[in-house]
Amino acid sequence: MKVPKCWSCEYSFTWKELFFFLKKIKCPQCGEIQHTTKYSNWKLGVLATPLPFIMHTIAIVSNSWTLAAVVTLVALIVYSGVIPFYMRFTKEKQTII
Ligand SMILES: [Zn+2]
């Protein structure tokens, strides 16, 4: 898996720099603001879609909401961990649609 690069200076971000991605991401090398591309936003949305279904399936199969909650929590942690690898940056802000 590849980490995203700055659209301006090709600086490769580290996983740690992207993990707290809720704030605006600024390139530490050239200072340009990074916007996620429409395509990477779409991919991240698709990745998150199965999570509620996984939780429901486990709860029904095992008849245990505790187990389902634990598995969902683990899935969320894994999801947050892979997010940076799916991010790609662009200069202009793009909307999902
Ligand atoms: Zn840069």
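Tabulated values for the structure
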item: Angle between the chain longest axis and helix 38-48 axis [Cα atoms, degrees, rounded to 10]; result: 20
item: Per-residue Cβ neighbour rank within 10 angstrom, fewest leading, T36, T49, T57; result: T49, T57, T36
item: Nearest-20 debye value, the chain charge dipole, Cβ charges on Lys, Arg, Asp, Glu; result: 240
item: Nearest-ten-degree value, helix 65-86 long axis tilted from longest Cα axis of the chain; result: 20
item: Cleavage-rule hits (chymotrypsin sites (Phe, Trp or Tyr not before Pro)) in the chain: DSSP loop, at most 15 neighbouring Cβ within 10 angstrom; result: F20
item: Residue order, fewest to most surrounding Cβ atoms within 10 angstrom, among E10, E92, E17; result: E92, E10, E17
item: Fraction in percent of alpha-carbon pairs per bin - 5 Å, the stretch 42-97; result: 4, 17, 23, 18, 13, 10, 7, 4, 2, 1
item: Projected area, mean over directions - the chain, Cα convex hull, nm²; result: 7.0
item: Positive dipole terminus of the chain, leading residue within C27, T72, V82 (C-beta point charges); result: C27
item: Within the chain, helix-based [θ] at 222 nm, where runs of 4 or more DSSP H residues each add -39,500 (n - 2.57), nearest 500; result: -16500 deg cm²/dmol
item: Length-normalised contact order of the chain in % [C-alpha pairs under 8 Å, at least 6 apart]; result: 43
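Read-outs throughout are calculated quantities, based only on the coordinates presented, and are distinct from any laboratory measurement. Since this is a predicted model, take the numbers as computed values, not measurements. Don't worry about glycine lacking a Cβ; one is built from the backbone with ideal geometry, like all the others, and counts go over all protein chains shown.
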